[in-house]
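After the structure tokens below, expect a handful of questions from me.
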Amino acid sequence: MSRAAHPLHNSALAKFADAGIRAGLGETAYAASSRGVVFAHAVGAPFRPGETAIVSACAKCIYSEVPWPRGWATFHERAGVTPLGTHAEYIAAIKSTILDTFEKPAFIVCSKRDAAILGHHPPRPIGLYGDQGWLAVSYAEDLPEGTDTVKLVEQLAQRYRGVYDFSCGYGNALRPFGYIIGSDIDKKCLDYIAREIL
């Protein structure tokens, strides 16, 4: 399944550009189907046992496009939640509670500074819907060749059946994978995934 640019991508930076879609959504904290599972979770908060088990067993890789410092406040405001800490603490928690805990091949799109913290390899530029992001790669030796996030996700979906996206938003990056695990602080985004993707 091809992953085209989607109007809901990085909507936090557009200051509620997705308001029309959100108006019809409920709040979902957990949903599952034969296609996968989504659950509400804030990076840095403890995982519940079932969440750890499903990521450990079913995710063959981790892919996420994380909030940048400039979208941090809007990301939380839109979700109606208070951040657990600063953006720097969020990045540190990604490394300690997700990447170094699960030790799965991980591909994180973020700022150059954050990519240097999260990756085991030098950060490399990657196209991000007409803009430039930076790719952090950890726990993977065979590096993908994708030059933009759309191509990268398609390559990863061919290589890995299951994915965990810990900042899944509306699930655009989940679509091409056979089995999906997504978590986010925004329960309306999870409701969208439950309705449209699972």
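Where does each of Lys187, Lys95 land when they are ranked from fewest to most other beta-carbon atoms within 10 angstrom? All intermediate terms of the calculation are to be shown ahead of the outcome.
Numbers: Lys187 21, Lys95 18.
The fewest-first ordering by Cβ neighbours comes to Lys95, Lys187.
To the nearest 0.05, what FRET efficiency results for Glu196 and His121 with a Förster distance of 41 Å applied to their C-beta separation? Kindly include the intermediate steps, with their values, before the conclusion.
Values: r = 34 Å, r/R0 = 0.83.
Calculated transfer efficiency: 0.75.
A follow-up question, please. Give the lysines whose C-alpha is closer than 22 Å to that of Lys151, dropping any in the same chain fewer than 8 places away, or say none.
By straight Cα distance, Lys151 reaches Lys60, Lys104, Lys112.
Between Ala140 and residues 5 or more places away or on another chain, which pairs have amide H atoms under 5 Å apart, with H built 1.01 Å from N, and which residues are they?
Answer set, sorted by chain and number: Ala106.
Of Asp142, Asp191, Asp100, Asp148, how do they rank once you tally other Cβ atoms within 10 Å and put the fewest first?
Asp142, Asp100, Asp148, Asp191
Express in whole angstrom the spacing between the alpha-carbon centres of the range 175-198 and the range 68-132.
19
Which whole-Hz ³J(HN,Hα) couplings does the range 135-141 yield from phi under the Karplus relation 6.51 cos²θ - 1.76 cosθ + 1.60, θ = phi - 60°, glycine and proline marked x?
9, 9, 10, 9, 6, 9, 9
Read the figures in this text as sums done on the coordinates, not as results from a lab. Here the structure is a predicted model, which means the values were calculated and not measured. Every residue, glycine among them, receives a Cβ derived from its backbone with ideal geometry; neighbour counts consider all protein chains shown.
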